[in-house]
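Below is one structure, written out as structure tokens; the observations come after it.
Readers should treat all values here as calculations from the given coordinates under stated rules, not as data from a laboratory. Being a predicted model, the structure only gives us computed values, none of them experimental. We place every Cβ from the backbone using ideal geometry, glycine too, and count neighbours over all the protein chains shown.
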Amino acid sequence: MGSTSGRQAAMPFIMVTVLLDMMSIGLIVPVLPKLIGSFMDSGAGTAFAYGAAQLVFAIAQFFAAPVLGALSDRYGRRPVLLLGLVGMAINFFVTALASALWMLLAVRFMGGALCANVAVANAYVADISQPKDRVKNYGLLGAMFGLGFILGPVVGGVLGNIDVRWPFFLAGGLTLLNSVYGYLVLPESLPVEHRRQFDLVRANPFSSLLRLRQLKGVETLMWIMGLSILAQFCLHTSWFLFTEFKFGWTPKDNGYSLLAVGLMIVIVQGGLLRVVQKHIPLHHLVRVGLVSSTVAFAAYGAAPEGWMMYLIVVANVFGYMVQPGLQSLVANAVDPTRQGESMGAVSSINSVAAVLAPLLATPLLAAGAGYPQGDWRIGIAFYLCAAIQAVATVIGFRYFSRSRRDDDCAVPERAQV
């Protein structure tokens with residue numbers, strides 16, 4: 001895949017793979033709280049159990065992400081992606097058959113480790129993209145994430161209203177189909193000459209995080225990305241039970257809300273971002289997006305009516321540009337032989353945020369469960385999201401204002417490890 005045409009020809013393959021992968025995950029998102037609630041006897045208990053499920057998933061992902069990234073640097077992206085998909089299919093089937101909370105938590109841990117192959121997908125995109133194309137390709141990847149969350153949650157919400165376990169069986173089937181598709185059509189993206197020996201030290205998530213300090217100009221970007229992801233994970237941890245506690249939403253209602261989010265991601269990251277970026281430097285878009293998200297997160301928590309959640313989702317246009325923008329800035333700064341390692345480290349940062357999010361948001365969510373339906377205090381976890389995003393915004397404004405470059409990469413030279 002040395003030529004530009006060869007690299008770009010692979011993009012549709014990885015896009016469909018990500019679409020089917022995210023559709024499978026999207027199927028279970030609206031019904032997981034209800035499945036967990038079937039083992040509990042109170043709203044607060046459900047909130048804590050749901051937080052525990054999110055926590056074990058994130059811990060597994062934290063440790064697995066750099067390992068999978070390093071393995072993909074050694075053996076190639078293709079085998080790691082395909083084995084991860086087969087494992088995820090098995091995980092969905094086992095979850096559907098879980099008969100106790102401890103079984104559910106165990107398979108969530110397994111799922112977290114396998115879901116870490118998202119880092120490998122990011123590295124795949126970095127492999128096949130020229131620096132000038134990375135914003136576009138990460139935007140397209142984000143659009144596939146969004147499209148998966150358009151189709152998956154709606155179908156999952158409808159099926160979940162019939163039987164809470166049906167979406168897990170369907171997710172397992174789709175993921176298995178995805179693995180077969182990938183086996184047949186997905187080419188290897190990493191040339192042999194760019195591969196490196198597997199190193200346990202580099203696969204350690206803590207050493208992986210520490211090495212990021214050696215990447216010139218990237219450390220602050222990682223802080224911005226980490227805080228922004230933390231705010232979003234706190235939002236994700238709280239969304240489904242918050243809407244149930246405050247508005248009385250069902251899994252189907254939450255599926256429709258994710259449909260709105262997915263549509264916005266597809267519209268913004270799949271097309272609007274590329275158009276706007278031609279006229280506005282990427283770091284300016286990231287700054288505006290950080291401000292937009294801060295306001296949106298606070299507005300979610302304060303919304304007195306459920307329909308207002310949709311209005312806020314649509315209004316937060318620039319917020320959907322933050323993550324592909326930051327990913328592009330980081331990818332442009334890293335040597336081609338270390339894209340898998342760097343994206344594994346980025347995924348580890350995301351996983352740290354995912355570990356912290358349930359620890360921070362779950363107690364606030366459980367406290368909100370004690371207030372009457374419609375009370376503004378139910379949204380206290382969302383106010384925390386806004387505060388965290390505000391910190392990321394301040395750091396982002398200071399960082400980009402110090403930059404003397406007015407192009408899409410604020411890093412003066414390719415970073416070295």
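What the Cβ-Cβ distance of Lys132 and Ile90 gives, at R0 = 45 Å and to the nearest 0.05, is a FRET efficiency of 0.70. Computed from the C-beta positions of Gln373 and Ala100 and an R0 of 35 Å, the FRET efficiency is 0.70 to the nearest 0.05.
Counting only DSSP H runs of at least 4 residues, each contributing -39500 (n - 2.57), and dividing by the residue count of the chain, the helix-based mean residue ellipticity at 222 nm comes to -25000 deg cm²/dmol. A quarter of the convex hull surface defined by the alpha-carbon atoms of the range 242-292 gives 4.4 nm² as the mean projection.
Look at where the Cα atoms of the range 86-134 and of the range 9-65 average out, and the two centres are 9 Å apart. Among Ala331, Ala353, Ala44, the largest mean-square fluctuation in a Gaussian network model of the chain, built with springs joining Cα atoms closer than 10 Å, belongs to Ala44.
Pick from Gln389, Gln277, Gln197: which is most flexible by mean-square fluctuation in a GNM of the chain where alpha carbon atoms under 10 Å apart are linked? Among Gln389, Gln277, Gln197, the largest GNM mean-square fluctuation belongs to Gln197. Counting lysine pairs in the chain that sit 8 or more residues apart in sequence, or on different chains, and whose Cα atoms lie under 28 Å apart gives 7.
Quick one: helix 219-247 against the long Cα principal axis of the chain, what's the angle to the nearest 10°, folded into 0 to 90? With both axes taken from Cα atoms, the answer is about 20 degrees. The slack in the chain from Tyr181 to Ile280, taken as 0.36 nm per residue of separation less the alpha-carbon distance, amounts to 31.8 nm.
Each of Thr17, Leu35, Met308 was scored by the projection of its Cα onto the charge dipole of the chain, and the greatest displacement toward the positive side belongs to Thr17; charges sit on the C-beta of Lys, Arg, Asp and Glu. Under 5 Å between amide hydrogens, built in the peptide plane, is the criterion, and for Trp249 it picks out Glu244 among residues at least 5 positions away or on other chains.
The long axis of helix 322-331 is offset from the longest Cα principal axis of the chain by roughly 30 degrees.
In order along the range 29-38, phi translates into HN-Hα couplings of 4, x, 9, 4, x, 5, 5, 5, x, 5 Hz, rounded to whole numbers, per the Karplus curve 6.51 cos²θ - 1.76 cosθ + 1.60 with θ = phi - 60° and x for Gly and Pro. Quick one: angle between helix 339-368 and the longest Cα principal axis of the chain, in degrees between 0 and 90, rounded to 10, please. So the helix axis and the longest Cα principal axis differ by about 20 degrees. Centre-to-centre, using Cα atoms only, the range 367-396 and the range 296-313 are separated by 12 Å.
Gain on full extension, evaluated as 0.36 nm per residue between Val192 and Leu83 minus their Cα-Cα distance, stands at 37.3 nm.
Per-peptide packing, taken as the mean over residues of other Cβ atoms within 10 Å, places 244-250, 67-73, 232-238, 373-379 in the sequence 67-73, 232-238, 244-250, 373-379 from highest down.
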